[in-house]
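Worksheet: one structure, shown below.
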Amino acid sequence: MAIQVKLEKFEGPLDLLLHLIEKNKIDIYDIPIVEVTEQYLAYIKQMETENMDVMSEFLVMAATLIDIKCKMLLPPEVDEEGEEIDPRSELVEKLLEYKMYKYMSFELRDRQVDAAQVLYRKKQLPKEVSGYIPPIDYEELVGDMNLSKLHEIFKNIVRRQEDRVDPIRSQYGKIEKEEIDLDTKTLYVRAFAQTHEFFSFTKLLERQKSRAEIIVTFLIILEMMHDGEITIHQDELFDDIIITSNYYKEQTS
């Protein structure tokens, strides 16, 4: 009675060769081609497959091994630099490349298995957080305006104030420090906003008597815009900025 031998399944001839090398603990850079060829031929004799395409691949590799075995018996060939050409070098390169891809596939498979064990929970926010509505929509408040446009208008107003100064008379007399009450100026601007539904940002700054008052008024306008007390908009580029008073809307509503 014949003994049945269970053969392992290999994905191709390189997979079988790599199995033989690892099984016999052979240095892949110094393959004993005679021993490996004999074991390889013994394996394919026991193979039973109906797929002739697969079987032909193993037979081609068997022919390659026999060809290398024959070249090993002949005097070694030399290249242009006079060094000996190893008939096994091309096979070694293919085995190394196949081994790299094989172990890469193992790594990817392990990562896929680990990823399958990861579960994600749906986003759950407290009602207080999900229902929170910001008190001020800054994008709607500012519109197409930005600080650079406001700064440009501010510089133009300051430049006009400087042009009003007499270059000769300004050199004479005593220059005293100008003090501005911030609270008083804030009440003034807010009172102006309460009595005007729409007003010009440029004209408001032009109503100020000095450069210091322009700066303080400019800062107050920015603070009121930040607090949602006023809204600004500009129809076209370089047009005047129009300020809408939310105080006036509340009083008339």
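What follows draws every value from the coordinates through simple rules; no lab data is involved. All of these numbers come straight from a predicted model, not from anything done at the bench. Ideal geometry is used to build each Cβ from the backbone, glycine not excepted, and the neighbour counts take in all protein chains shown.
Odds and ends about this structure:
- Using the Karplus relation 6.51 cos²θ - 1.76 cosθ + 1.60 with θ = phi - 60°, the per-residue 3J(HN,Hα) values for segment 99-107 come to 4, 5, 5, 5, 6, 5, 5, 5, 5 Hz, with x marking Gly and Pro.
- With a threshold of 32 Å on the Cα-Cα distance, the over-threshold entries among Lys99/Lys123; Lys69/Lys102; Lys99/Lys122; Lys69/Lys99; Lys102/Lys123 are Lys99/Lys123; Lys99/Lys122; Lys102/Lys123.
- Burial ranking of peptide ranges 77-83, 241-247, 26-32 (average Cβ count within 10 Å, highest at the top): 241-247, 26-32, 77-83
- A simple spin-label model places pseudo-atoms 7 Å from Cα toward Cβ; at Gln194 and Gln39 they are separated by 9.9 nm.
- Extended-chain gain in nm, criterion 0.36 nm per residue less alpha-carbon gap, Met100 and Tyr29: 24.1 nm
- FRET E, pair Leu74, Glu11, Förster distance 25 Å, beta-carbon r, rounded to 0.05: 0.15
- For Ile232, residues with placed amide H under 5 Å, excluding near neighbours: Thr244
- Each of Leu219 and Ile85 was given a label point 7 Å from its Cα along the Cα-to-Cβ line. The distance between the two points is 8.6 nm.
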